Amino acid sequence: MTELQNKEYNIPIITIDGPGGVGKGTISALVAAELNWNYLDSGALYRLTGLACLLNEITFDQTNAVAQLAENLAVKFLPEGGILLDGQEVEAKIRTEVAGNNASKVAAIPEVREALFKRQKAFLQAPGLIADGRDMGTSIFPDAMVKVFLTASADERAKRRYKQLIEKGNNVKLADLIREIQERDERDMNRSASPLVAAADAHIIDTSELTIDEVFQEVMSLFKMAQTKNR
Ligand code: DC
């Protein structure tokens, strides 16, 4: 057994996958705080790669150059919140709708996914890991202890996002958000490398009619059941 396999064998992982705007980040952060585990926001790595392209004037069709940037991202996730790229705070810049769309474009490049593979694995540290993304349970951590796949209709996700953006004082149209979410789903589900799909052994939770707390409780109960089974 290699050192990596050995490490994976010992450290528990919960993967939380699903489409954009479904609440993965919120739920993952709550579960990570409850268990005091590490948190991998894999989407942030794709968003940072997209931003690095813009800063270095690399277009998304220059696939090798984009993969090089992904490989060499000088990124620091600050424990108190915030993300540094080359020493600059970039959290606000990578959370926009445009940054999400750019992330989805670079994420469709197989060489970029390969370049980010090891970096994602490195988040696996004791006492445990919550891994949030699109392919956590299928490609990155296929042996995870619990795999969750969150869903909600594109309309419902767009409505939630609309509410958040309006509350922050942004001027957005619901119809535009629905269209953008549908476009992003389409690209994430239909790419050749690690498309967005639930792992065969994932627990699918439709969050359309559930509160954040209800989803959180459901994930915690799946974890407790798995823990009992493993004893
Ligand atoms: O979760 P997010 O919205 O921050 O992700 C942004 C984009 O990154 C998403 O549209 C697709 C891509 N992504 C991916 O392909 N694989 C992941 N594990 C995470 C994100």
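The values are calculated or read from the model by the stated rules, or taken from the named source; none is laboratory data. All values reported here derive from a predicted model rather than from experimental measurement. No Cβ is skipped: glycine too gets one built from the backbone with ideal geometry, and neighbour counts run over all protein chains shown. Each accessible area value is taken on the protein alone, full model and side chains, heavy atoms only, with ligands, DNA and RNA left out. Shrake-Rupley method; radii C 1.70, N 1.55, O 1.52, S 1.80 Å.
For the condition of a type outside the set (Gly, Ala, Ser), at pLDDT 95 or above and either closer than 20 Å to LYS24 by Cα or within 14 Å of the ligand (Cβ to nearest atom) (or both), GLU111 qualifies.
Considering only the range 138-148, state which residues are open to solvent by 20 Å² or more (accessible area, probe 1.4 Å), out of contact with any Pro (no Cβ under 6 Å at 6 or more places or on another chain) and touching a residue at least 60 places away in the same chain (Cβ under 8 Å).
From the range 138-148, those open to solvent by 20 Å² or more (accessible area, probe 1.4 Å) are 138-139, 142-143, 145; that's our starting set.
This time we only want the ones that are out of contact with any Pro (no Cβ under 6 Å at 6 or more places or on another chain), so: 138-139, 142-143.
Residues satisfying the conditions are THR138, ASP143.
When the range 53-64 is filtered for residues that are without any contact (Cβ under 8 Å) to a residue 12 or more places away in the chain and open to solvent by less than 50 Å² (accessible area, probe 1.4 Å), only ILE58 remains. Please verify whether ILE181 is within 16 Å of the ligand (Cβ to nearest atom) and open to solvent by less than 30 Å² (accessible area, probe 1.4 Å), treating the condition exactly as stated. In short, yes.
If you go through the range 30-52 and pick out every residue that is within 13 Å of the ligand (Cβ to nearest atom) and either open to solvent by less than 40 Å² (accessible area, probe 1.4 Å) or without any contact (Cβ under 8 Å) to a residue 40 or more places away in the chain (or both), you end up with 11. Considering only the range 9-26, state which residues are hydrophobic (A, V, I, L, M, F, W, C), under 15 Å from LYS147 (Cα atoms) and open to solvent by less than 10 Å² (accessible area, probe 1.4 Å). Those that are hydrophobic (A, V, I, L, M, F, W, C), under 15 Å from LYS147 (Cα atoms) and open to solvent by less than 10 Å² (accessible area, probe 1.4 Å): ILE13, ILE14, ILE16.
Flag set for ASP135, criterion: within 18 Å of GLY100 (Cβ to Cβ) and open to solvent by less than 70 Å² (accessible area, probe 1.4 Å). Within the range 148-162, being touching a Ser or Thr at 6+ places or on another chain (Cβ under 7 Å) and either within 13 Å of the ligand (Cβ to nearest atom) or of a type in the set (Asp, Glu) (or both) holds for LEU150, GLU156.
Could you grab me the full set of residues in the range 152-164 that are more than 18 Å from ASP213 (Cβ to Cβ) and in contact (Cβ under 8 Å) with a residue 24 or more places away in the chain? Break it down into steps so the answer makes sense when it comes.
Going through the range 152-164, the residues more than 18 Å from ASP213 (Cβ to Cβ) turn out to be 153-155, 157-159, 161-162.
Within the range 152-164, SER153, ALA154, ARG157, ALA158, ARG161 qualify.
So which of LYS147, LYS121 is at pLDDT 95 or above, over 13 Å from ALA199 (Cβ atoms) and of a type in the set (Lys, Arg)?
None of the others qualify; the one that does is LYS121.
The lone criterion from (1) assigned to a helix (DSSP H, G or I); (2) surrounded by fewer than 23 Cβ atoms within 10 Å (Cβ to Cβ); (3) within 13 Å of the ligand (Cβ to nearest atom) left unmet by PHE123 is number (1). Suppose the filter is open to solvent by 20 Å² or more (accessible area, probe 1.4 Å) and farther than 22 Å from ASN36 by Cβ; does GLN164 pass it? So GLN164 fits the description; yes.
Give me a count of the residues in the range 194-215 that are surrounded by 14 or more Cβ atoms within 10 Å (Cβ to Cβ) and part of a helix (DSSP H, G or I). Number satisfying all stated conditions: 1.
When the range 70-105 is examined, which residues are found to be closer than 18 Å to ALA122 by Cα, open to solvent by 30 Å² or more (accessible area, probe 1.4 Å) and assigned to a helix (DSSP H, G or I)? Across the range 70-105, the qualifying residue is only GLU71.
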